Amino acid sequence: MKKAIVIYSSKRGSTKQYAEWIAEELSCEAVTYEESKNITLYDYDLIIYGGWIRGSGIVDFDNFQKRLVRELLDKMIVFGVGVARESVGNYQQIYDINYKKISRKGKNPTLYILSGRYDPAKITGLDGMLMSVMKKVLISGSTPDATSEAAIMKERLTNGCDMVERDNIRALVAEAKKFLA
Ligand SMILES: Cc1cc2nc3c(=O)[nH]c(=O)nc-3n(C[C@H](O)[C@H](O)[C@H](O)COP(=O)(O)O)c2cc1C
């Protein structure tokens, strides 16, 4: 029987929720990035890494990548959870930033971007400071369709949003099941 594991990094619960739904669909365990430090990745036929997106970076993926050699990358799926508009430009940006290092090691795992949630009232401390700096960058945008992207991002960050839905994991789970067949 093939075995999968879901490893996640979540600050306010949306990535955790997706990780748990995925684990439920695949009848496997979901563990935090911290907990994953004690597990042997070679014991699994499929490793799914999910992190919330902060300033276009998939949180903790940078450090997690250090444990990945070519043969582990061949049995991996990655997901990031964010609130930017679901566009090709945004996808490309997240992909380029987060796969920069692993691209040199061989095959890149599929990257899924799942829609998250954002409540401005709950963003305090360091994240709050980061967000006020980031807002300018995010809102100005750097992709060809930056105008509509900027408007959508601005609306989501100002008024908050909750786009977390179980249905969003469907394509990821379908790919995962192929690994485990
Ligand atoms: C400081 C900060 C930076 C963020 N940067 C991005 C970003 O670059 N792109 C994006 O799509 N979402 C961004 N978000 C939104 C989060 O990724 C989103 O709220 C996510 O659902 C949080 O996941 P969690 O509930 O697992 O912590 C940012 C949120 C915060 C607080």
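Relative to the longest principal axis of the Cα atoms of the chain, helix 170-180 runs at roughly 20 degrees.
The angle between the Cα long axis of helix 125-140 and the main principal axis of the chain comes to about 70°, on a 0 to 90 degree scale. Principal-axis analysis of the Cα atoms of the chain puts helix 14-26 at an angle of about 30° to the longest axis.
Within region 1-83, list the chymotrypsin sites (Phe, Trp or Tyr not before Pro) lying in a DSSP loop whose Cβ has at most 10 other Cβ atoms in a 10 Å radius.
Values: sites: 8, 18, 21, 33, 42, 44, 49, 52, 61, 64, 79; in loops: 44.
Qualifying residues, ordered by number: none.
Legend: residue pairs 75/105; 66/100; 66/105; 11/178; 3/177; 3/37, Cα-Cα distance threshold 21 Å; pairs beyond threshold, 11/178. Estimated purely from DSSP H runs of n ≥ 4, each contributing -39500 (n - 2.57), the mean residue ellipticity at 222 nm for the chain is -13000 deg cm²/dmol once divided by its residues. Its relative contact order, with pairs defined as Cα atoms under 8 Å and 6+ residues apart, puts the chain at 24 percent. Less than 20 Å from a label point 7 Å out along the Cα-to-Cβ axis of residue 105: which backbone N atoms in region 1-20 qualify, by residue? So the set is 3-10. Of all DSSP beta bridges in the chain, what percent run antiparallel (nearest 5)? Approximately 15 percent, going by the DSSP bridge assignments. On the beta carbon distance between residue 132 and residue 181, with R0 = 30 Å, the FRET formula returns roughly 0.05.
DSSP assigns beta bridges within region 1-99; of those with both partners inside it, close to 10 percent run antiparallel.
Where a number appears in this text, it was derived from the coordinates with a stated rule and is not lab data. No experiment lies behind these values; they were computed from the predicted model shown. So basically every Cβ, Gly included, is an ideal-geometry build from the backbone, and we count neighbours across all protein chains shown.
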